[in-house]
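Structure, as structure tokens:
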Protein chains: 2
Amino acid sequence: MALRNAVMAALLEGEASGYDLAKGFEASVANFWMATPQQLYRELERMEGEGLVRARVVQQERRPNKRLFSLTEAGRRVLRAYVAQGPSKPLAIRDELMVKVQCVDIGDTGDIEAVRAAVAERVERATAKLARYRRMQERMLAGRTEDEYLATADRVGPYLTLQGGMALERANLQWGETVLKRLAQRTAALGGGSARARA
Amino acid sequence: MALRNAVMAALLEGEASGYDLAKGFEASVANFWMATPQQLYRELERMEGEGLVRARVVQQERRPNKRLFSLTEAGRRVLRAYVAQGPSKPLAIRDELMVKVQCVDIGDTGDIEAVRAAVAERVERATAKLARYRRMQERMLAGRTEDEYLATADRVGPYLTLQGGMALERANLQWGETVLKRLAQRTAALGGGSARARA
DNA sequence: TTGCCATACTCAACAAAGTGAATAGAGTAC
DNA sequence: GTACTCTATTCACTTTGTTGAGTATGGCAA
């Protein structure tokens with residue numbers, strides 16, 4: 001029952017179909033709450049049943065019809081109550097890459113190489129994501145400075161969460177790069193790339 | 001089937017009981033993979049059934065007996081295969097606080113205050129966690145420099161994931177502090193603390 | 001001396017999340 | 001002309017995760 005809050009937060013930006021939400025979660029919420037299409041459709045269905053959202057079918061000519069969901073007043077109230085209420089859960093991360101890094105010493109240099117590749121991939125992703133975030137930021141600012149924007153904008157939430165996403169990706173990037181360096185050093189130290197006895 | 005990899009990664013540090021794992025997940029793995037005691041006991045049970053871990057009952061005099069689990073050779077192989085195999089899932093975060101920040105514009109200054117308090121709590125937690133990580137780091141280094149440590153240590157995985165945890169908490173902290181500042185500005189701008197018309 | 005906290009688990013039930021595939025029309029690239 | 005991708009959604013199923021309670025012992029503090 002936590003996904004629904006994320007969905008409602010996304011719908012604050014306006015009407016969206018399940019499909020819209022599924023790809024990119026309306027671009028901003030996805031940065032801190034991931035969900036598969038199925039989860040979203042299912043949750044939207046339930047929420048409609050409970051009157052938190054309302055659906056409107058849009059006929060389309062060259063595409064399948066779609067149902068656009070929007071927040072109802074009841075949904076808005078529930079969301080406000082959620083925001084106002086006490087402490088949130090601490091933040092749940094689940095990072096397979098970190099598990100692999102933790103295991104980097106398990107085998108020979110081949111295992112180190114596998115981990116190195118995985119970290120390199122993460123670094124690339126983080127770089128790409130950061131670039132995307134920066135473009136989003138520029139679009140939001142639209143020439144204004146941050147101070148101007150925050151003083152005049154109707155909504156600052158999406159901007160602040162975008163900042164959060166950027167902070168996270170910067171951390172990822174910085175960490176990944178030092179790990180890459182360290183692993184290269186270690187591979188060199190353990191025999192310059194040739195195999196080594198198994199643990 | 002992903003929790004088990006995290007559990008095995010934790011057992012790389014040596015024998016542990018379900019209870020040990022439950023509190024702190026052997027101190028390092030918990031930073032990137034959370035699990036409740038029940039999940040861990042259940043998973044350990046299954047893993048024992050599949051021969052990935054082996055249990056050893058330790059009689060205790062003034063406490064309930066405990067079962068210490070350790071990795072079997074089969075478990076080690078499975079773990080190595082996991083590390084070696086292709087791309088990991090991208091990292092799953094689920095952050096309620098971010099959902100609340102996204103919604104900060106939903107209501108009046110009271111809602112902003114609630115979000116502010118939640119962010120302040122996050123900042124405090126991040127500060128505490130960072131301090132704890134730094135102590136762990138010092139214990140690991142034991143007087144050596146980072147370079148010395150990484151060149152001589154048997155295992156570097158736990159150190160590198162600790163760095164990851166620290167990077168994450170620093171990002172949290174830095175983000176949280178700017179958000180706090182921004183929200184204070186906004187509260188001031190929206191009427192200096194007095195109520196304002198609802199959205 | 002009562003009650004709470006810590007160790008050390010187990011059980012049952014349920015809610016939420018994730019996987020994989022199916023459906024179906026339109027556009028686009030080879 | 002066929003294979004692939006995009007829009008848009010649904011179904012069936014499995015795996016995880018969560019909640020709450022129950023059991024048992026000992027230590028510590030008010």
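The values are calculated or read from the model by the stated rules, or taken from the named source; none is laboratory data. Remember, it's a predicted structure, so these values are computed and weren't measured experimentally. Don't worry about glycine lacking a Cβ; one is built from the backbone with ideal geometry, like all the others, and counts go over all protein chains shown. The area values use the complete protein model at the heavy-atom level, side chains included, leaving out ligands, DNA and RNA. Shrake-Rupley method; radii C 1.70, N 1.55, O 1.52, S 1.80 Å.
Ranking A:S70, A:L44, A:Q137 by Cα position along the charge dipole of chain A, where only Lys, Arg, Asp and Glu carry charges on their C-beta atoms, puts A:L44 farthest toward the positive end. Using Cβ point charges alone (K and R +1, D and E -1), the dipole size of the stretch A:96-189 about the Cα centre works out to roughly 160 debye.
The Cα atoms of chain A define a convex hull whose projected area, averaged across directions, is 16.1 nm². The charge dipole of chain A, taken about its Cα centre with unit charges on the Cβ of Lys, Arg, Asp and Glu (plus for the first two, minus for the last two), comes to roughly 200 debye. Counting from the shortest, the label point at B:T178, 7 Å from Cα toward Cβ, is 2.0 nm from the same position in each remaining copy. For the stretch A:67-136, list log₁₀ I(q)/I(0) at each q in 0.15, 0.18, 0.26, 0.28 Å⁻¹, using the Debye formula over Cα point scatterers of equal strength and ignoring solvent, two decimals each. Computed log10 I(q)/I(0) values: -0.80, -0.87, -1.06, -1.12.
Solvent-accessible surface (1.4 Å probe) assigned to B:E13 amounts to roughly 80 Å². Candidate cross-link partners of B:K66 among the aspartates and glutamates, defined by an alpha-carbon separation under 13 Å and a same-chain spacing of 8 or more, comprise B:E15, B:D20. For chain A, the longest principal axis of the alpha carbon atoms and the long axis of helix A:37-49 meet at an angle near 30°. For the residue pairs A:K181/B:K100; A:K23/A:K89; A:K23/B:K23; A:K89/A:K181; A:K129/B:K23, the C-alpha atoms sit more than 28 angstrom apart in A:K181/B:K100; A:K23/B:K23; A:K89/A:K181; A:K129/B:K23. With everything on Cα atoms, drop me the angle between helix A:73-84 and the longest principal axis of chain A, reported from 0 to 90° to the nearest 10. Once rounded, the angle reads 40 degrees. Between copies, the label points of B:E13, set 7 Å from Cα on the Cα→Cβ line, lie 3.9 nm apart, reported in increasing order to one decimal in nanometres. Leaving ligands and nucleic acids aside, the B/A contact buries around 6900 square angstrom of accessible area in total at a 1.4 Å probe radius. Which net charge results for the neighbourhood of A:E73, defined as the other residues with beta-carbon distances under 11 angstrom from its beta-carbon, given Lys and Arg at +1 and Asp and Glu at -1? Once positives and negatives cancel, what remains is +4. Give me the net charge for the shell around A:S88: Cβ to Cβ below 9 angstrom, other residues only, Lys and Arg +1, Asp and Glu -1. Here the charged neighbours net out to 0.
Residue farthest toward the positive end of the dipole of chain A, with Cβ of Lys/Arg at +1 and Asp/Glu at -1: which of A:M98, A:G110, A:V156? It is A:G110, whose Cα lies furthest towards the positive end. Rolling a 1.4 Å probe across the protein heavy atoms gives chain B an accessible surface of 49 Å² per residue.
With a 1.4 Å probe rolled over the protein heavy atoms of all chains, the accessible area of B:L190, A:L150 falls in the order B:L190, A:L150, largest first.
Measuring nothing but protein heavy atoms, the accessible surface of the protein assembly as shown at 1.4 Å probe radius is 52 percent carbon and sulfur. With the largest listed first and rounded to whole Å, the semi-axes of the equivalent ellipsoid of the stretch A:3-84 from the Cα gyration tensor are 20, 15, 10.
Considering every pair of different Cα atoms, what Kirkwood radius, in Å, is found for the protein assembly as shown?
It works out to 23.3 Å.
Working note: Debye formula, equal point scatterers on the alpha-carbon atoms of the stretch A:96-189, no solvent; log10 I(q)/I(0) at q = 0.26 Å⁻¹ is -1.26.
Other protein chain C-beta atoms within 10 Å of residue C-beta, averaged over B:78-89: 6. Placing +1 on each Lys and Arg Cβ and -1 on each Asp and Glu Cβ, with no other charges, gives the protein assembly as shown a dipole about its Cα centre of roughly 320 debye.
State, as an integer percentage, the relative contact order of the stretch B:3-84 based on alpha-carbon contacts under 8 Å between residues 6 or more apart.
Reported relative contact order: 34 percent.
Counted by Cβ distance under 9 Å from B:A2, the other residues give a net charge of +2, where Lys and Arg count +1 and Asp and Glu count -1. Compared with the dominant principal axis of the Cα atoms in chain B, helix B:157-189 is inclined by about 10°. Between amide H atoms placed 1.01 Å from N, distances below 5 Å from B:V53 occur with B:E48, B:T72, all of them 5 or more places distant or on a separate chain. Sorted from nearest, the other copies put their B:Y41 label points 3.8 nm away, the label point being 7 Å from Cα in the direction of Cβ.
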